[in-house]
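The values are calculated or read from the model by the stated rules, or taken from the named source; none is laboratory data. Values in this document were obtained by computation on a predicted structure and should not be read as measured data. Cβ atoms come from the backbone with ideal geometry, glycine included; neighbour counts cover every protein chain shown. Each accessible area value is taken on the protein alone, full model and side chains, heavy atoms only, with ligands, DNA and RNA left out. Shrake-Rupley method; radii C 1.70, N 1.55, O 1.52, S 1.80 Å.
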Amino acid sequence: MKLVTEPNFADPDETYARLLAAHSGLSEAESHAFNAALVLILMNHIGDDAAIAEALALAHRATKP
Amino acid sequence: MAYEHRRLPYRRAPGLDAPEPCHDVVIVGAGPVGLAMALDLANHGQGSVLLDDNDRVSIGSRAICWSKRSLEILARLGVGHRCVEKGVTWHVGRTFHRDREIFAFDLLPEDGHEMPAFVNLQQYHVEEYLTEAVLANPLIDFRPLNRVAAIRPALPELYVQTPEGSYTLQARYVLACDGARSAIRTIMRLEFAGELFEERFLIADIEMKADFPPERRFWFEPPFHPGQSALLHKQPDNIWRIDLQLGWDADPEAERAPERVIPRIERMVGHRDFRLDWVSVYSFQCRRLDRFVHGPVIFVGDSAHVVSPFGARGGNGGLQDVDALGWRLAALLAGRASERVLSAYDAERTFGADENIRNSTRTTRFMTPADGVERLYRDSTLALAAEAPFARALANSGRLSRPCTYPLDAPDDPALPATSRPGSVAPDAPLEGGWLMRQLGPDPVLLALGREAPRIDGVRILAPALNDHLRQRYLGNAPGALCLIRPDQVVGARWTTADAAAVSHEIDRMWGRA
Ligand SMILES: Cc1cc2nc3c(=O)[nH]c(=O)nc-3n(C[C@H](O)[C@H](O)[C@H](O)COP(=O)(O)OP(=O)(O)OC[C@H]3O[C@@H](n4cnc5c(N)ncnc54)[C@H](O)[C@@H]3O)c2cc1C
């Protein structure tokens, strides 16, 4: 496993609230665009192909169990 | 100035008067690939008959970007320097989004190579130079206005039509170089699987005086052509290539009309002071044959694979097919190699075609994203590119042709640098009074650097004085190396030390005898 799935946030509730706040005032289309940009930014930050592949698989399982 | 097409010399084929003896090789199609194929075989001492249904070189320009590898191959065929001299050498590409430049790339990687990264030169010029070399070569029997109408692949036997009637030709090998709409492929009912992109593109060559720099300029959603993409590229003789994306629902007939084309181009270049040289509307495909070798019928170039043009991988990829086939087929016909060399051609070039198709498909996707999530990520990438360098790496306006590294199962030494690993084209380097690339081929070469080379029949030893370029590209930190370089200038195997038996074994494998 390359992907960190154990809690890795200092303050999970705060981080989650920040994510929601970042979307406030955006239309649904803008929210989608925002999410796409965020995914690209974070994927680049991670960089590691194996970790990204595991993240994609996990997201897939969460979406289409 | 407009290109003047000359008629190629037509002569009555001997087969019209009496049956011809079975030929070693008949090449069908004298596009860049068929012409280069005939010359490459001749370089290895192998004659051929070259048929074409036409008696003129390519009408309209089509290919304009010729890669460093193609120029090296063309140099071996005797026309590389003419191409460089006449062509526009460029190495900078700029990509714009809306009204701002998002990034630039420089393809000129390092010095110490004879050939530039790319030249732009109209396909008809390249074909003209190749045709002249073909006509001057006594080993090539070039027959313009000889159209192949049918083939019996098992023999193989060709039915050829000329202005004066039809005749039959037999050959040990037929090389189908008859282009994207290959009649031979159709007659043999071979599946040409892949993807068709519905998007239409206007491709135009215009003549104008302009002092834009010799750079590749590509726009996503420019103000002069909203919502679509555009490309501008310089060619010799004040000719400029323009590609404009039109959408999937454009009407190709209507879009070709000058009254539609001229205003579009005017918006792009800012004036009307230009002449239309050639206009066409295309949609693109990425497809290939499952296998390129079908018994004695071998597919080479566009007949075997087609790609969208944004990475310039069509003609350049086709010349690499020629490179991989010529030395092998010549050796097979001369009795030096076994039929296994044809499987090696098939394996290497289907691998190369896959790489070209993968690159071209990804570019086309990025340029023409499907509605929904594809478009979402595409637009997001472009929006990020202005600020975040990583997104510039994702913005895909074309990944320009580079030769692939074949996945060879061959001796290697991890101490030696990756650029010259087996399967790669041997990197060029300056030598005293010349260039390394010029010294490689048509025979196998054992490049001996800081090592004594064992003597082996049929292998030429090249032991140049070391310099920094050679060290960097072939030695790294190792004190010495032996590199076996195939006739197609691809590194076949390498060692930090090897004895005659080890090298001989690799030579035998190269000829399919071990
Ligand atoms: C708009 C556009 C831009 C492009 N840009 C580039 C680029 O920048 N760089 C690049 O590398 N590639 C580019 N390409 C691709 C390039 O043009 C082709 O890959 C290249 O022409 C393929 O060469 P070929 O010899 O295999 O086929 P072709 O050039 O199609 O030649 C086939 C030949 O066979 C002959 N023939 C066909 N049928 C028969 C028959 N039955 N009997 C006898 N003769 C026959 C034809 O007359 C023709 O002469 C571009 C293509 C297009 C359309």
Per the Cα gyration tensor, chain A corresponds to an equivalent ellipsoid with semi-axes, largest first in Å, of 22, 16, 12
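What percent antiparallel are the DSSP beta bridges of chain B, to the nearest 5?
Numbers: 69 of 92 bridges.
Taking every DSSP beta bridge within chain B, about 75 percent pair in antiparallel fashion.
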Where B meets A: accessible area buried, both sides, 1.4 Å probe, Å²
700 Å²
For the range B:1-140, would you read off the P(r) tail past 18 Å as a percentage of all alpha carbon pairs?
62 percent
Which stretch or stretches of the range B:333-366 have amide N atoms under 20 Å from the point lying 7 Å from B:A418's Cα along the Cα→Cβ direction?
B:352, B:355-356, B:359
Evaluated at 37 °C and 0.692 mPa s, the Stokes-Einstein D of the protein assembly as shown based on the Kirkwood radius over Cα pairs, in µm²/s, stands at 125 µm²/s
Considering only DSSP beta bridges with both partners in the protein assembly as shown, what is the antiparallel share in %, to the nearest 5?
75 percent
Looking at the square roots a ≥ b ≥ c of the eigenvalues of the Cα gyration tensor of chain B, which shape do they give, rounded for a/c under 1.5, prolate if a/b is larger than b/c, or oblate?
oblate
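For chain B, what is the calculated [θ] at 222 nm in deg cm²/dmol (nearest 500), taking -39500 (n - 2.57) for each run of four or more DSSP H residues and dividing by its residue count? Let's see the in-between values first.
Values: 12 runs with 141 residues, N = 514.
Roughly -8500 deg cm²/dmol at 222 nm, from the helical runs in chain B.
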So which residues in the range B:366-390 end up with at least 30 square angstrom less accessible surface once the other protein chains are there, compared with the chain by itself, probe 1.4 angstrom?
B:L376, B:Y377, B:S380, B:L384, B:F390
Burial of 30 Å² or greater, the range A:38-53 residues [accessible area, probe 1.4 Å, versus chain by itself]
A:L40, A:I41, A:N44
Can you grab the distance from the C-alpha centre of the range B:375-391 to the C-alpha centre of the range B:426-457, Å, no decimals?
45 Å
Describe numerically, in nm with one decimal, the distance between label points set 7 Å from Cα along Cα→Cβ at B:E198 and at B:R267.
2.2 nm
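Got a number for carbon plus sulfur as a percent of the protein assembly as shown's accessible area, 1.4 Å probe? Write down the numbers at each step before the final one.
Values: 13540 of 26440 Å².
Of all accessible area on the protein assembly as shown, carbon and sulfur atoms account for 51 percent.
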Helix A:12-23 versus the longest principal axis of chain A: what is the Cα-based angle in degrees, 0 to 90, to the nearest 10?
50 degrees
So how far, in whole Å, is the C-alpha centre of the range B:201-256 from the one of the range B:83-154?
19 Å
If you count only protein heavy atoms and use a 1.4 Å probe, how large is the accessible surface of B:D55, to the nearest 10 Å²?
10 Å²
For A:K2, which lysines qualify as cross-link partners when the Cα separation must be under 23 Å and same-chain residues fewer than eight apart are set aside?
A:K64
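Based on the Cβ-Cβ distance from A:L42 to B:S283, what FRET efficiency comes out when R0 is 30 Å, to the nearest 0.05? Working shown, then result.
Values: r = 36 Å, r/R0 = 1.20.
Here the calculated transfer efficiency is 0.25.
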Given the options B:H91, B:L246, B:A171, identify the residue whose Cα lies farthest towards the positive end of the charge dipole of the protein assembly as shown (+1 on Cβ of Lys, Arg; -1 on Cβ of Asp, Glu).
B:A171
Computed over chain B, protein heavy atoms only, probe 1.4 angstrom, the accessible area per residue in square angstrom equals 41 Å²
Using 1/(1 + (r/R0)^6) with R0 = 35 angstrom and r between the beta carbons of B:R275 and B:M188, what's the FRET efficiency to the nearest 0.05?
0.25
Mean separation of Cα contacts under 8 Å (6+ apart) over length of chain B, as relative contact order %
14 percent
Of all alpha-carbon pairs in the range B:418-510, indicate the percentage at a distance above 16 angstrom.
47 percent
Give the Kirkwood hydrodynamic radius (Å, one decimal) of the range B:194-285, defined as one over the mean of 1/r across all pairs of different Cα atoms.
13.5 Å
Cα-based Rg then Dmax for the range B:296-377, in Å, read 16.7, 58
Sequence-distant lysines (8 or more away, or on other chains) whose Cα lies within less than 28 Å of B:K209:
B:K68, B:K86, B:K234
